[in-house]
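These notes are about the structure you will find just below.
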Amino acid sequence: MVAWVEIPLIVDGNVLNVYYDNSLTPPDDSNGPDVWNLGNNNLAVWHLNQTTFGANSTLDSTGVTLNNFTPEGGMGPSNAVTGKLDGAVFFDGVLDETTGLGSSALRSLTNGFTFSTWAKPDDFDIFRLIYSLETTGGFGFGINSSTSISFTTFGIITYLQTVATLSTIDTHFAVKFDSSNDATFYVNGVNVGTVVGASPANAAVGDLIIGGAAAVNMFKGNIDEVRIYDTELSDDLIQTIFNNENDAGEPGVPGFYTIGVPQSIP
């Protein structure tokens, strides 16, 4: 069982009880969009934990239907794999991608935003894009080699950042494209450098893509938890997001926790 919840305040001594394993099947009162939207600046959150691969099956948890993407390239249930957070999607580096129109808010981003994702690359043979678009404008993020990552404002400039040697394990990547048009890169929550720019991105034309760029520079490996924020996240917040997602639930540390076995209600 995996549950995403937003709890305004927890104080020492609080006990959280989750009512589940109920044979009476109570109604589902969950509200995913509010968990991801209210005060969180999320424009899109793709968990990529899907087990079906039909039309619009790559769901955006903020509830924006235009951000529900469609897997292409013959993707199917075998592409559903274990991820860093619940499930992830494997991309074959040839044709696999999931794509969609995207909301006007996503398509009109020019600067002042943050992109983040978990990725587990299979290799570093060529430049491989994790997020991109089909035609012109917009932005993309990719892995250039085992020692460099990049952020591109298509038709304008590519920001290339040297990093410590990457490996084929789950790794958290983020890039903040600020109002000065500079790109700051993060690997596993750590600020690894800023590349100075001069111009904002252009508005996106064509479908948005996770997994490559319309059969070019396709990603090979697992992609999990792609998020786009309409704000410039601070270094501390990016570090906190990484810590929370990387931590399996160490007692006393914010993170992801396992719920105990069901107990009978007296």
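The values are calculated or read from the model by the stated rules, or taken from the named source; none is laboratory data. All values derive from a computational prediction rather than experimental measurement. Here Cβ is always computed from backbone atoms with ideal geometry, including for glycine, and neighbour counts include all displayed protein chains.
Out of (1) without any contact (Cβ under 8 Å) to a residue 60 or more places away in the chain; (2) at positive phi; (3) surrounded by fewer than 18 Cβ atoms within 10 Å (Cβ to Cβ), what's the single condition that is false for Gly189?
For Gly189, the exception is condition (3).
Kindly provide the set of residues from the range 64-90 that are farther than 11 Å from Asp224 by Cβ and either within 15 Å of the chain's Cα centre (by Cα) or of a type in the set (Lys, Arg) (or both), ordered by number.
Asn67, Asn68, Phe69 - these are the residues of the range 64-90 that are farther than 11 Å from Asp224 by Cβ and either within 15 Å of the chain's Cα centre (by Cα) or of a type in the set (Lys, Arg) (or both).
Just for the range 79-92: of the residues that are touching a Phe, Trp or Tyr at 6+ places or on another chain (Cβ under 8 Å) and at pLDDT below 95, which one is nearest to Phe219 (Cα to Cα)?
It comes out as Gly83.
Return yes when Val35 is under 25 Å from Ile238 (Cα atoms), in contact with a helix residue (DSSP H, G or I) (Cβ under 8 Å, 6 or more places away or on another chain) and either outside any loop (DSSP other than H, G, I, E, B) or modelled with pLDDT of 95 or more (or both) and no when it is not.
no
Take the residues in the range 96-133 that are surrounded by fewer than 16 Cβ atoms within 10 Å (Cβ to Cβ), within 21 Å of Gly73 (Cβ to Cβ) and of a type outside the set (A, V, I, L, M, F, W, C), then tell me which one is modelled with the highest pLDDT.
Asp122
Could you please give the count of residues in the range 192-204 that are surrounded by 15 or more Cβ atoms within 10 Å (Cβ to Cβ), in contact with a Gly (Cβ under 7 Å, 6 or more places away or on another chain) and either polar (S, T, N, Q) or at pLDDT below 95 (or both)?
So the answer is 2.
In the range 171-183, which residue that is assigned to a strand (DSSP E or B) and touching a residue at least 40 places away in the same chain (Cβ under 8 Å) is surrounded by the fewest Cβ atoms within 10 Å (Cβ to Cβ)?
Thr171
Which pairs do you get when a residue that is buried (at least 17 other Cβ atoms within 10 Å of the Cβ), found in the range 144-170, comes within reach of a residue that is charged (D, E, K, R), reach meaning Cβ atoms under 7 angstrom, with the pair 6+ apart or on two chains?
Asp170/Lys84; Asp170/Lys120
Residues are listed down the side, and each one gets a yes or a no for (1) surrounded by fewer than 13 Cβ atoms within 10 Å (Cβ to Cβ); (2) at pLDDT 95 or above; (3) in a strand (DSSP E or B):
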{"position": "Ala213", "(1), (2), (3)": "no, no, no"}
{"position": "Val216", "(1), (2), (3)": "yes, no, no"}
{"position": "Asp224", "(1), (2), (3)": "no, yes, yes"}
{"position": "Val253", "(1), (2), (3)": "yes, no, no"}
{"position": "Val261", "(1), (2), (3)": "yes, no, no"}
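So which residues in the range 53-77 are at pLDDT 95 or above, assigned to a loop (DSSP other than H, G, I, E, B) and polar (S, T, N, Q), if there are any at all?
Asn56, Ser57, Asn68
Please state which of the following conditions Asp207 fails to meet, knowing it meets all the rest: (1) under 20 Å from Thr62 (Cα atoms); (2) at pLDDT 95 or above.
Only one criterion in (1) under 20 Å from Thr62 (Cα atoms); (2) at pLDDT 95 or above is unmet by Asp207, namely (2).
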